[in-house]
Amino acid sequence: MLTRISVRNWRAFDTADLALRPGLNVLLGPNGAGKTSWLEAVAFALTGAPVVLPNARLFARAAGQPVQVRVEFQLGERTYGVTRGLTAQARGQVALECGGRRLAEGAEAVTAAIERELGVPPEFLLRVLYMPEGDVYRFLEKPPLAAIDAHLQRVFGLEQIAQIHVAATRVRQEVKRERDSLASLAEQALQRAQVLAEGRARWGDDPFTQQAELRKARERLKAELEAASARRRELQEQAHRLQQTAQALERLAREEAALAGDDPDEAVQRARQQVVEREQAEQQLAQQLADLRAAQRLLADEGTKLRRRAPLDLAADDPELRAQRDAVETVLREIDAALARASAELQGVRDSSAFLTTQPPDGATEPVCPVCRQALPEPLRQRILAENAARERQLREEIARLRARRVAARTGLERAAAALHERLLAAQDARERQTADAIVALESQQHAASQARNEAERQYRAALERRRRLGELAAQRAELLAASGDSADLPARTAAVRQALGEAQQEEARRTQELRQVQEQLATLDGYLQLLAMEGQPPQLLERRRLVLARRELLAELFAAAVQATIDRVRAGALAAAYDEVARAWERFSGWAPVRLEAGAKGKLAVHTAARALELAQLSGGERAAFLVLLHAHLGRHFGRGGFLLLDEPLEHLDADSGQRLLELLRARLPRRRADAGGVGHGRGRGGASRARRHGRAPGAPALAGRAALGLTPHAPCAREIDTPAGWLLDFQPEVEAPQTGKPG
Amino acid sequence: MEMQSVRHRAPAVDAVRPVSVFRAALLAAATEQRKSRARSPERVAAVSRLCDADLGMLVSEFEALLAESAEVSRLVERLHAALARLAPEPRAEEEADVDAD
């Protein structure tokens, strides 16, 4: 039973202290009044984990200030107090106390101690005993059946029974293994007795003498088998050698046939002679080629000189050109003489004309002839001047004609010389081309002669190799024949050796079979003698032990099966019992009867009535909320010793009548002196808190005795206590002035 | 009337008492073994020898194991001892009788 909650710097409160009454406690107030803060303080104190907020740091009302929560609760006659904080200093004060004595210190140790005292693991407390606001739909989607099932195992001791089942299974397996082993021993004993009986019938009274005789026979057969094997190996080797000789002779014959032809010595001689002839021909061609190349060089020199020579110089070597040159030179000399005369005459005519021109008559003196120094009359001078001019024209024409003749004569000579030069150069080029062509042809002949010589040398080497290989083959044949005798007898000898080999193999197989039979007899006899020497348990005693182990195995099987059935039935029975109680509560709440609850698909609960079978999701929102509250109430009362529930907005989805019925059901299910249910709700609107307040004024509703104690700081939200017949309401009213002092609980 | 039938079908308090459940399950398993056909003569003999005293001892052993430590090796040891009491090894004189036979 929760008795007191104290917080400092906790969400909506700076400092606040709330004393709770036995029975149903309802907290009313508008949004932000701090109703959920109280419930979450309880959850945080008991589990150390946040429920609504994602992070415990968000619990602090003023950042950086220490946060502390303390919750007091009663179990039987003992009073516990748990304190938790968030800052480093406050974390050091995390502790669980009982009767002034510290039971645990530190967050994890306190959580474990609370789990031990309440019998409720933290996750079960958070998922079952604390119903956060809006948990209805989350519950329907992910029902806490897994947590319930795990908790059932702990509450009903199923963990211990599971260990017993493990032990029973192991014992059953061990007994079965022992019985199987004993069955094998009994089987062996039975076989042993059978073998001994057969041995006595087979070996008689003196098996050791027979054992010695069999051992002697085994040694003899081993020696005979060894000799037969040696003979067989020897014949195998002979046959192998003969076969190899025959194969070698056949291979030699094939190769000799391939090399067959004329006499190898004569062939070598002919090839050698051919090589010599080809070499001589090649040398002759080389000499001719050298001569031609020398002639080609001379022609090249002559051609060079001819090209460098002036055409007119060819007259020295060419008589025709020389005669033509001499004739032209004679003509030229004549022309030069005529030119000289004409030039001299022309000069005289010009001098005369110049004199007569420069000595005009002045009237005083008459001009005189420069030759005869006679005075020249003017008419005469004029006539002479005219004659001089005519003569001068004649002389110039004569000179021009002579010069043209002179040029024509020289040009003709030069043309003749050039033509001769051209003819000589053409002839020289023709000779050079002929020589080059002859060299090319000779080089081709030389290449062919070289190839022919190479071919002759190759044939010569082949002839040498053939002669050498024939010699080797003859030597090998001689060697093989010398080693194996006459080759004509070889097939007959091979057939004889093969026949002997077959006989030797048969002899070896016979000896092997005989030896195997003797060894088998000896092994059987040895086994019989060993079995005879061994001591074994009597089959009758083994049979008794088999009966004992069969009985143990049966008892172990029954025990293990019953333990497994116990686990299944206890788990199913506990769940069924829980569901049955919730079904009865649901019958009273809903008016449906009869109601049966069963686990449906995916662990969800289904409601079965006489007329319908509904998944929880098919119920209305209010019905689902009421169902969830009832389920929480039952599980919280049944599993765990804390005996309290924390319900946030439990009547949110219910109408007035349903809310009233649910409150009455909750109150009726609370034990008279213990177990709390804390519910919070809004005091306005259509929430359940207003209805709870209204119910409190309803005449005839059950009353809760006593008064609550509430102490608030001046800065905390104020609260107004309301005693009602239906329960104790703590209505948070921020507009109401806060009391200055708290009242003792 | 329907309500009464539903209450009658509801699991009783025995459903959460492991020893009671174990006793019922053991009786059911023994009955099933007696009805089934055994495969081997030893098994037939073991089933025929099964009596209520054996089942009572197994129930007592289960109850004792519930209070025992959860260590499996210890539980195995106790179970072997219980089985040895219920089906003891052949005594020396029996072996002598067997030898005499």
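Computed from the coordinates by the stated procedures, all read-outs in this text should not be read as laboratory data. Everything numeric in this text was worked out from a predicted model, so none of it was measured. Glycine gets a Cβ as well: all are built from the backbone with ideal geometry, and neighbour counts include every protein chain shown.
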Per residue of region A:201-212, what does 6.51 cos²θ - 1.76 cosθ + 1.60 with θ = phi - 60° give for ³J(HN,Hα)? Whole Hz please, x for Gly and Pro, Karplus curve as stated. 5, 8, 9, x, 8, 10, x, 5, 4, 5, 5, 5
FRET E, pair A:Ala475, A:Gln243, Förster distance 25 Å, beta-carbon r, rounded to 0.05: 0.70
Estimated distance in nm for a label pair at A:Glu277 and A:Arg308, the labels positioned 7 Å out from Cα along Cα-to-Cβ: 5.0 nm
Global geometry of region A:185-335, whether rounded, prolate or oblate, following the gyration tensor of its Cα atoms and the 1.5 cut on a/c: prolate
Whose amide H sits under 5 Å from the amide H of A:Leu2, counting only residues 5 or more places off or on another chain, with H placed in the peptide plane? A:Gln74, A:Asp676
For A:Tyr460, A:Tyr130, what ranking results if the residue with the fewest other Cβ atoms within 10 Å of its Cβ goes first? A:Tyr460, A:Tyr130
Can you list residues whose amide H is under 5 Å from A:Val368's amide H, if they're 5+ apart or on another chain and H is modeled 1.01 Å from N? A:Leu376
Within 10 Å of each Cβ of B:19-32, how many other protein chain Cβ atoms are there on average? 5
A:Leu442: net charge of surrounding residues, Cβ under 14 Å, Lys/Arg +1, Asp/Glu -1, itself excluded? -3
Which whole-Hz ³J(HN,Hα) couplings does region A:317-330 yield from phi under the Karplus relation 6.51 cos²θ - 1.76 cosθ + 1.60, θ = phi - 60°, glycine and proline marked x? 9, 10, x, 4, 5, 5, 5, 5, 5, 5, 5, 5, 5, 4
If one computes the Cα centroid of region A:481-517 and of region A:170-220, what distance in Å separates the two points? 46 Å
What nm distance separates the two modelled labels at A:Ala500 and A:Val195, each placed 7 Å from Cα along Cα→Cβ? 4.8 nm
Can you tell me how region A:517-580 classifies by the Cα gyration tensor, rounded, prolate or oblate, using a/c under 1.5 as the rounded cut? prolate
In peptide B:63-70, how many Cβ atoms from other protein chains are near each Cβ within 10 Å, on average? 3
R0 = 22 Å: FRET efficiency of A:Ala338 with A:Arg393, Cβ-based, nearest 0.05? 0.85
Non-local residues with an amide H under 5 Å from the amide H of A:Leu103, with H modelled 1.01 Å from N and Pro and chain starts lacking one, are A:Leu96, A:Glu97, A:Cys98
Give me the compactness ratio for region A:407-535, meaning the Cα radius of gyration over 2.2 N^0.38 Å. 3.53
Karplus-derived HN-Hα couplings along region A:581-587 (A = 6.51, B = -1.76, C = 1.60, θ = phi - 60°), whole Hz, x at Gly and Pro: 5, 5, 4, 5, 5, 5, 4
